[in-house]
Amino acid sequence: MIDDVLMPIHGGTDSGPTPRYDFSTNANSLGPDPRALAAVQAADPSHYPDPLYTSLHDALAEFHQVPPEHVAVGGGTSELIHRLTRWRYLRGPMLILPPTFSEYARAAQPAELPLLRASSGEAFLRLLPKATLAFLCVPNNPTGEIYDFIEEAAHIAERHRIALVLDLAYYYLLPDPPRLPSNTWRLYSPNKAHGLTGVRAGYLIAPQSLVHFRNLAPSWVVGVHGEALLRAAMQEASQAWLARSRQELWQLRSQLAEGLRQQGLEVRESPANFLLVKVGRATAVARQLHAMGFRVRDCTSFGLPEWLRLSAQPAAAQAELLEALPRCLKAHT
């Protein structure tokens, strides 16, 4: 039972043949960013990175205009989430707002943190003073929602000395990323926006010193390829590529939503590069689509057993999915 709870459930298993089209990942489907890819390929793995990541922390701090000691790199944001739950400074109840990214609850269990689950934004604000650590995904995964109470939550968190963590995995894929309160803790995952999810590197920015938090990580928690990705993502050329691809992704996501609605399906849209579509028996539909060469995200593990999450993909992939989906739905209605 414990093993089942701890098992990672993200886009689904990668076992079996590689699908023709992967709609289950929310990463930038127009990637990889060619400049970031070139930087990763040019990295020299024959030597260790700086174990303190001093110059990398300095570069990220300058990019975000914060003090260097307020930055901590990690082996992807999932590693940083788990490290936050182990930090004695933050020992206490954790608050989340389901449905959301499963890694928060998954990290709470081995750390033996009491887990508070809010049923709404109002409930989240009401429960927040009882927490020590709280997570909000912006935009939320799987709904794509951008919460309208983040400013209020940030004020409550500051007043009660709570670490309110904004998980920004898909933030830079929004058509118009909103301004974020500077007194929040922010998790960044450039590998999503730049289409290089196999390179595990992310970083945390906090409104306080993270020097002690850095020391909780294993030695060399980010390899040279991850370091190269983080540096490349800050460069003007990669930022320009991201801006162009973001506009195209938004158009593709809108086209996907329209195609699904034309089939009479209920669609939940948002500003994110992904959407939800109601298909009935989501697990059965997802399995049949997988057999046909499409990987989609069954949202049953999010508590949404009738919904699939689909990300914006190139036009040809979307056309094939829209052609295949009615056959799957007919078989499971």
Please enumerate, by chain and number, the aspartates and glutamates with C-alpha under 18 Å from the C-alpha of K192, excluding those fewer than 8 residues away in the same chain. D14, D22, D33, E79, E103, E145, D167, D176, E227, E236, E248
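So with the 1.4 Å probe, I'd like the accessible area per residue for the stretch 56-204, rounded to whole Å². Display every interim value, and only then the final one.
Working: 5690 Å² over 149 residues.
Here the residues of the stretch 56-204 average 38 Å² of exposed surface.
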What base-10 log of the normalised intensity I(q)/I(0) is obtained for the stretch 198-333 from the Debye formula, alpha carbons as equal point scatterers, at q = 0.16 Å⁻¹? -0.91
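Counting DSSP beta bridges in the chain, what percent are antiparallel, to the nearest 5?
Numbers: 16 of 31 bridges.
Taking every DSSP beta bridge with both residues in the chain, the antiparallel ones total about 50 percent.
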For the stretch 42-63 and the stretch 183-206, what is the separation of their C-alpha centers, rounded to whole Å? 15
Magnitude of the charge dipole, the chain, Cβ model with Lys/Arg +1 and Asp/Glu -1, debye to 20: 580
Ranking R253, R179, R268 from most to least accessible area with a 1.4 Å probe gives R179, R268, R253
Please report how far the C-alpha centroid of the stretch 299-323 lies from that of the stretch 245-274, rounded to the nearest whole angstrom. 10
Which of A240, A317, A131 fluctuates most in a GNM of the chain (C-alpha springs under 10 Å)? That residue is A240
Helix 54-64 axis, angle to the chain major axis (alpha carbon atoms, nearest 10°): 60
Could you please state how large a percent of the accessible area of the chain is carbon and sulfur, counting protein chains only and using a 1.4 Å probe? 52
Gaussian network model of the chain, Cα within-10 Å springs - most flexible of Q288, Q263, Q109: Q263
Counting only C-alpha contacts under 8 Å and six or more residues apart, can you give the relative contact order of the stretch 166-316 as a whole percent? 18
Using 0.36 nm times the number of residues separating S120 and A291, minus their current alpha carbon distance, what extension gain do you get? 57.9 nm
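Relative to the Cα centre, what is the charge dipole magnitude of the stretch 230-333, using +1 at the beta carbon of each Lys and Arg, -1 at the beta carbon of each Asp and Glu, and rounding to the nearest 20 debye? Let's see the in-between values first.
Values: 14 positive and 9 negative charges, 47 e Å.
Charge dipole, the stretch 230-333, about its Cα centre: 220 debye, nearest 20.
Can you work out the FRET efficiency for the pair A316 and Q235, with r the C-beta to C-beta distance and R0 = 35 Å, to the nearest 0.05?
On the way: r = 30 Å, r/R0 = 0.86.
The value I calculate is 0.70.
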Between S219, S254, S301, find the one with the highest GNM mean-square fluctuation for the chain; connect C-alpha pairs within less than 10 Å. S219
Residues of type lysines that K278 reaches as a straight line, Cα spacing below 18 Å, ignoring anything fewer than 8 places off in the same chain: K330
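What longest range of the chain stays clear of loop-exposed chymotrypsin sites (Phe, Trp or Tyr not before Pro) (DSSP non-H/G/I/E/B, at most 16 other C-beta within 10 angstrom)? Numbers along the way, then the final one.
On the way: sites that count: W87, F149, W220.
Here the longest segment lacking exposed loop sites spans 221-333.
I need the calculated FRET efficiency for the pair K330 and H155, taking r as the beta carbon distance and R₀ as 45 Å, to the nearest 0.05.
On the way: r = 51 Å, r/R0 = 1.13.
Taking R0 as 45 Å, the efficiency between K330 and H155 is 0.30.
Between H64 and T300, what is 0.36 nm times their sequence separation minus the Cα-Cα distance? Round to one decimal in nm.
Separation in residues times 0.36 nm, less the Cα-Cα distance, equals 81.3 nm.
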Using a 1.4 Å probe, what is the accessible area per residue for the stretch 266-328, in Å²? 37
Over the alpha-carbon set of the stretch 236-284, work out the extent along each principal axis and list the three values in angstrom, largest first. 45, 22, 15
Selection from L260, Q318, H70 lying farthest towards where the dipole of the chain points positive, charges on Cβ: L260
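The values are calculated or read from the model by the stated rules, or taken from the named source; none is laboratory data. What you see is a predicted model, and the numbers here were worked out from it, not measured in a lab. Virtual Cβ from ideal backbone geometry, glycine too; neighbours counted across all protein chains shown. Areas reflect the complete protein model, heavy atoms only, side chains present, ligands, DNA and RNA absent. Shrake-Rupley method; radii C 1.70, N 1.55, O 1.52, S 1.80 Å.
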